[in-house]
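See below for the structure under consideration.
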Amino acid sequence: MKNFAKECFSDLINLFFPPICLGCKSPLISNEKSICVHCEMQLPFTYFHLDKNNEMIQKLSDALKIDTATSLCYFEKDSILESLIYHLKYGGQQKLGEYFGELIIDLIKSNELFKNIEAVIPVPLNSKRKRKRGYNQVTVFGEKIAAYLGVPFVEGYLLRTQNTKQLAKTSSKDRSVILKNAFQIKTKNTSPKHWLLVDDVITTGATLEACGSLLLENPENRLSIATIGYRI
């Protein structure tokens with residue numbers, strides 16, 4: 001009875017205040033989550049999960065020994081994905097993390113390389129930035145993947161110790177230097193050996209390289225990577 005009343009109340013709220021698509025602002029219908037079907041069809045999926053030597057793996061493999069890597073979509077300026085990532089990072093729309101998590105799960109569930117993951121870990125935010133924002137934008141994304149894989153989501157093991165400046169306009173070389181000492185591991189006594197490192201968007205790969213290098217300091221560890229966007 002309580003669940004029925006809750007559903008009726010939710011339906012009533014949606015009738016007068018229907019949820020809107022975060023891509024085009026049109027009202028969502030009952031089977032749509034976060035964005036409408038029209039906007040979802042415009043997302044430029046990479047399908048990197050189908051290519052064992054995709055361009056993301058090639059970008060990262062010079063600096064990291066990785067098992068596999070994938071991004072959900074290509075990230076382009078003034079695109080729907082850029083708008084959605086902005087809502088996720090700065091608009092408090094953490095439900096988008098769950099939405100992107102569900103999308104990437106549908107893609108990787110047929111990939112055997114992702115079935116050996118033992119733990120999912122996010123690229124961390126500096127504590128000051130996290131307090132200001134209130135959350136890490138990739139937490140819900142990572143939690144959704146971890147739940148599907150049946151492995152722990154480990155937050156707080158990898159720390160960001162320096163609140164580096166915005167790096168979007170920084171060269172790849174300078175970015176690597178800035179980020180080299182920006183992270184640290186809280187403790188090295190952990191049991192997972194195959195980590196899945198997750199982030200929102202890969203640009204030069206410097207952030208993932210800095211975090212991945214720390215996770216691979218233990219020679220027994222293995223590393224795979226998944227992001228929502230791949231900047232081209």
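Quick check: is even one residue across region 74-95 assigned to a helix (DSSP H, G or I) and more than 19 Å from Cys21 (Cα to Cα)? No, region 74-95 contains no residue that is assigned to a helix (DSSP H, G or I) and more than 19 Å from Cys21 (Cα to Cα). If you check Ile105, Ile80, Ile66 for being within 14 Å of the chain's Cα centre (by Cα) and among the β-branched types (Val, Ile, Thr), only one passes: Ile105. Taking the criterion of being in contact with a helix residue (DSSP H, G or I) (Cβ under 7 Å, 6 or more places away or on another chain) and of a type in the set (Gly, Ala, Ser), the residues of region 44-93 that qualify are Ala63, Ala69, Ser71. Candidates in region 150-177 are the residues that are among the hydroxyl-bearing types (Ser, Thr, Tyr) and under 19 Å from Leu197 (Cα atoms); of these, the one that is modelled with the highest pLDDT is Tyr157. Tell me whether region 82-99 contains one or more residues that are within 17 Å of Ile225 (Cβ to Cβ), touching a Phe, Trp or Tyr at 6+ places or on another chain (Cβ under 9 Å) and either open to solvent by 30 Å² or more (accessible area, probe 1.4 Å) or modelled with pLDDT under 90 (or both). The answer is no, given that none of the residues of region 82-99 is within 17 Å of Ile225 (Cβ to Cβ), touching a Phe, Trp or Tyr at 6+ places or on another chain (Cβ under 9 Å) and either open to solvent by 30 Å² or more (accessible area, probe 1.4 Å) or modelled with pLDDT under 90 (or both).
Of all residues in region 52-66, those being open to solvent by 10 Å² or more (accessible area, probe 1.4 Å) and over 17 Å from Cys211 (Cα atoms) number 4.
How many residues, within region 26-36, are free of Cβ contacts under 8 Å to residues at least 24 places away in the same chain and within 17 Å of Gly97 (Cα to Cα)? So the count comes out to 2. All but one of (1) touching a strand residue (DSSP E or B) at 6+ places or on another chain (Cβ under 7 Å); (2) in a helix (DSSP H, G or I) hold for Pro124; which doesn't? Failed condition: (2).
The values are calculated or read from the model by the stated rules, or taken from the named source; none is laboratory data. None of the values given here were measured: they were computed from a predicted structure. Cβ: placed from backbone, ideal geometry, glycine included. Neighbour counts: every protein chain shown. In case anyone asks, the SASA skips ligands and DNA or RNA and just uses the protein heavy atoms, side chains included. Shrake-Rupley method; radii C 1.70, N 1.55, O 1.52, S 1.80 Å.
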